[in-house]
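Down below is the structure, laid out as structure tokens.
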Amino acid sequence: MLMREIIRKKRAGEPLTDAEIAFFIHGYTAGQIPDYEAAALLMAICFQGMDERETLTLTLEMAHSGEELDLSSLPGVTADKHSTGGVGDKTTLIVAPLVAALGGRMAKMSGRGLGHTGGTIDKLESIPGFQTALSRERFLRQVAEIGLCVASQTGDLAPADKKLYSLRDATATVESIPLIASSIMSKKLASGAQCIVLDVKCGSGAFMKTREDALHLARAMVRIGQGAGRRMAALITNMDIPLGHAVGNALEVAEAAEILRGAGDEALRKLCVELSAQLLALSIGESVPVCRERAAAALCDGSAFEKLCEMVQAQGGDPAVLEHPERFPQAKHKVEVLSPRSGYIGHMDAEGIGRAAMLLGAGRKEKDGPIDPSAGILLHKKTGDAVACGDPVARLFTCDEAFCAPAQELLLASMQFTETPPASASLIYDVIQ
Ligand code: URA
């Protein structure tokens, strides 16, 4: 087979055969196909797309390109969730223990973040002593024993995706639905869970800016998962506003613990209940309304919080911080940001707020760069809230005072102040099964 011919076919808009896709993935992962040929094919896919069969084959080939977790030894039905990422998104820290408290088996591999704030692993590592790099045996043992483990992704999970993602990043070929869907789903399939719920974010702080694009991506990923024999659901959710009030690693863990103790932000609680209900319904075969009620109850009766404490203990962390947030790493500087005028917060640019948190040290400025677990932003006011001139709208947390002025400037530039309150926006736009 010749790569030149495969590139030509895709450039002309013809579907590739399963054998051609397999040839490309095997050859590229093994280093036998050069970057320039792979880049040309990726660009052709960006312009011509891929049909459902091609996208599934591409995903399966990438999922099979390295280590795959075999969860079949675990009792019960295994579950996983994935979010396409947003500002203040700490849902995994809430949904994973909530589902496990209700009998689900959460076997979750997570990543670190680049830009904005950290990923789930960075957030968990802000808990003193918490270990995320676990052997496969320990990961499986913990899921079997307590129904829950969140560990860092091993280096060899879907290596084809790792290599292709770097190339896509360097060649402006990230923005393609079949490439994004296959990239995300190859890692999910290789992680082995039988039930997967996806939270596809859309809006200013998300990868997908429009509802239409988010729907296309969600549908493509649900079809891939179902084609691979997994039970799937996806939610399309609002990321025009940061999720909850905390943006930053330790701050977000503290906010997640608050929700698990039955308090905290209403929208964050509602989204976590919905994600958990969908995942439980797939896992235990009850209806979504029944699972929704059970999930809401587990937040109030303390069982979901207990499950998070169990996980933290099992992974070497100090669960006491979850009840005593002052025991988290503390930022040296805490600065209030005051409203420059009276009125309402008419709009927030979630991405700008994420970038302000990154400037304070909460996110990585470069790959593998350092992260400050204590840095971030606590939003006192959000879209729709009334403010008087001089009211505190947010508090900045950082270890370097010099970061405060640029972060404050960006934060205020990301908030639009209006005379009248804005129309209220939906939190969950669509559910796809
Ligand atoms: N996240 C991924 O894992 N892959 C993509 O292609 C885009 C976002």
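Laid out as a table, the results:
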read-out	value
Qualifying residue in the stretch 43-54 (condition: touching a residue at least 12 places away in the same chain (Cβ under 8 Å), out of contact with any Gly (no Cβ under 8 Å at 6 or more places or on another chain) and among the polar types (S, T, N, Q))	no
Number of positions in the stretch 298-318 that are part of a helix (DSSP H, G or I), touching a residue at least 24 places away in the same chain (Cβ under 8 Å) and either among the polar types (S, T, N, Q) or closer than 30 Å to Asp400 by Cα (or both)	2
Sole residue being away from the ligand (no atom under 16 Å from the Cβ) and small (Gly, Ala, Ser), chosen from Ser83, Ser72, Ser65	Ser72
Residue list for the stretch 263-297, filter: outside any helix (DSSP H, G or I) and touching a helix residue (DSSP H, G or I) at 6+ places or on another chain (Cβ under 6 Å)	Gly264
Residue in the stretch 47-70 that is over 30 Å from Ala394 (Cα atoms), open to solvent by 60 Å² or more (accessible area, probe 1.4 Å) and small (Gly, Ala, Ser) present	no
Qualifying positions in the stretch 189-220 - open to solvent by 10 Å² or more (accessible area, probe 1.4 Å) and within 11 Å of the ligand (Cβ to nearest atom)	Phe207, Met208
Failed item in (1) open to solvent by less than 60 Å² (accessible area, probe 1.4 Å); (2) out of contact with any strand residue (DSSP E or B) (no Cβ under 7 Å at 6 or more places or on another chain); (3) over 26 Å from Gly119 (Cβ atoms), with Asp385 passing the rest	(2)
Verdict on Ile127 being open to solvent by less than 50 Å² (accessible area, probe 1.4 Å), out of contact with any strand residue (DSSP E or B) (no Cβ under 8 Å at 6 or more places or on another chain) and either more than 16 Å from the ligand (Cβ to nearest atom) or of a type outside the set (Ser, Thr, Tyr) (or both)	yes
Failed condition for Thr132, given (1) among the hydroxyl-bearing types (Ser, Thr, Tyr); (2) within 15 Å of the ligand (Cβ to nearest atom); (3) touching a strand residue (DSSP E or B) at 6+ places or on another chain (Cβ under 7 Å)	(2)
Top-ranked residue of the stretch 223-254 - restricted to ones that are assigned to a helix (DSSP H, G or I) and over 16 Å from the mean Cα position of the chain (by Cα), ranked as surrounded by the fewest Cβ atoms within 10 Å (Cβ to Cβ)	Gln226
Filter result (within 9 Å of the ligand (Cβ to nearest atom) and open to solvent by 40 Å² or more (accessible area, probe 1.4 Å)) within the stretch 143-168	Tyr165
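The values are calculated or read from the model by the stated rules, or taken from the named source; none is laboratory data. Just so it is clear, the model here is predicted, and its values are computed rather than measured. No Cβ is skipped: glycine too gets one built from the backbone with ideal geometry, and neighbour counts run over all protein chains shown. The protein model used for the area step is the full one, side chains on, heavy atoms only, and it has no ligands, DNA or RNA in it. Shrake-Rupley method; radii C 1.70, N 1.55, O 1.52, S 1.80 Å.
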